[in-house]
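**Student:** The structure follows.
The values are calculated or read from the model by the stated rules, or taken from the named source; none is laboratory data. Not measured: the values here are computed from a predicted model. Every residue, glycine as well, gets a Cβ built from its backbone with ideal geometry; the counts of neighbours run over all protein chains shown. Keep in mind that these areas ignore ligands, DNA and RNA; they rest on the heavy atoms of the full protein, side chains included. Shrake-Rupley method; radii C 1.70, N 1.55, O 1.52, S 1.80 Å.
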Amino acid sequence: DLVENSARALQVVNKHVRAAADILVQRGSVETTAKLPGMGRQASRARLGVVLGMFKDNLTFHSLTFRHALRLGMTATAAVALYTLLDLPHGVWVPLTAMVILKPNFGGTYQQAKQRMVGTVAGSVMGAILAAAMTTRLALDLLLVPFGVLAFSLMARNYGLGVLFLTPFIVLLLNTVQPGDWEVAAIRSFNT
């Protein structure tokens, strides 16, 4: 049953990908010729032309995509410079957080930042308590399973709840290497 459902899902995805490719080719005012024998190379060139045209269209300050990519690149660069200059432990969390929360619009960024901050701080408290209490590797390994499942299953539905469970997951995961290191939870909150 699982194999049949997976096969059907792949067929649906295949149809959607083909339809999207056809739309892109037609958008470029080029006829789809891939179905005709000997015309594969011409169709490939047409598709490449469409992709290059889209790239050219987005390589301007009038493009929302370009402006967001520019903001994202500048923010990530500033975040890397910040953690490098301050020599922060686990400093990579600073640019990672910036890249995850930055959205093309202010409202989306604000919402994501708020959820990230609340989820991280609450998850850090939970992670610190568990890291201090659970010092055996087996206990840490057993706790990783429910936190990992909760974090990754909730992330798409509710980012804040996903981060709430992701933070203790990361804290406990780092504690499998160095048990009893509850301070890493405070470092995660500070860097976020």
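**Student:** Taking the options Phe165, Phe152, name whichever one is modelled with pLDDT of 95 or more, assigned to a helix (DSSP H, G or I) and under 20 Å from Ala113 (Cα atoms).
**Tutor:** Answer to the selection: Phe165.
**Student:** Filter the stretch 176-192 down to the residues that are under 10 Å from Ala128 (Cα atoms) and part of a helix (DSSP H, G or I), then identify the one that is farthest from the chain's Cα centre (by Cα).
**Tutor:** By that ranking, first place goes to Glu183.
**Student:** Another question, then. Scan the stretch 46-58 and report the pairs whose first residue is of a type in the set (Val, Ile, Thr) and whose second residue is surrounded by 13 or more Cβ atoms within 10 Å (Cβ to Cβ) and assigned to a helix (DSSP H, G or I), with Cβ atoms within less than 7 Å and a gap of 6+ or a chain change.
**Tutor:** Val50/Leu24; Val50/Val25
**Student:** Could I ask something else about it? Going through the stretch 126-145 one residue at a time, which ones are open to solvent by 60 Å² or more (accessible area, probe 1.4 Å) and free of Cβ contacts under 8 Å to residues at least 12 places away in the same chain?
**Tutor:** Within the stretch 126-145, Ala133, Leu138, Leu142, Val145 meet the criteria.
**Student:** Sticking with this one: How about the stretch 49-63: which of its residues are part of a helix (DSSP H, G or I) and surrounded by fewer than 11 Cβ atoms within 10 Å (Cβ to Cβ)?
**Tutor:** Correct list: Phe55, Lys56.
**Student:** The conditions are (1) assigned to a loop (DSSP other than H, G, I, E, B); (2) exposed (fewer than 13 other Cβ atoms within 10 Å of the Cβ), and Pro104 fails exactly one of them. Which is it?
**Tutor:** For Pro104, the exception is condition (2).
**Student:** Mind listing whichever residues of the stretch 153-189 are among the hydrophobic types (A, V, I, L, M, F, W, C), free of Cβ contacts under 8 Å to residues at least 12 places away in the same chain and open to solvent by 70 Å² or more (accessible area, probe 1.4 Å)?
**Tutor:** Within the stretch 153-189, Ala156, Val177 meet the criteria.
**Student:** Just to be sure before I move on: is Leu150 under 21 Å from the mean Cα position of the chain (by Cα) and free of Cβ contacts under 8 Å to residues at least 60 places away in the same chain in the structure I sent?
**Tutor:** Yes: the conditions hold for Leu150.
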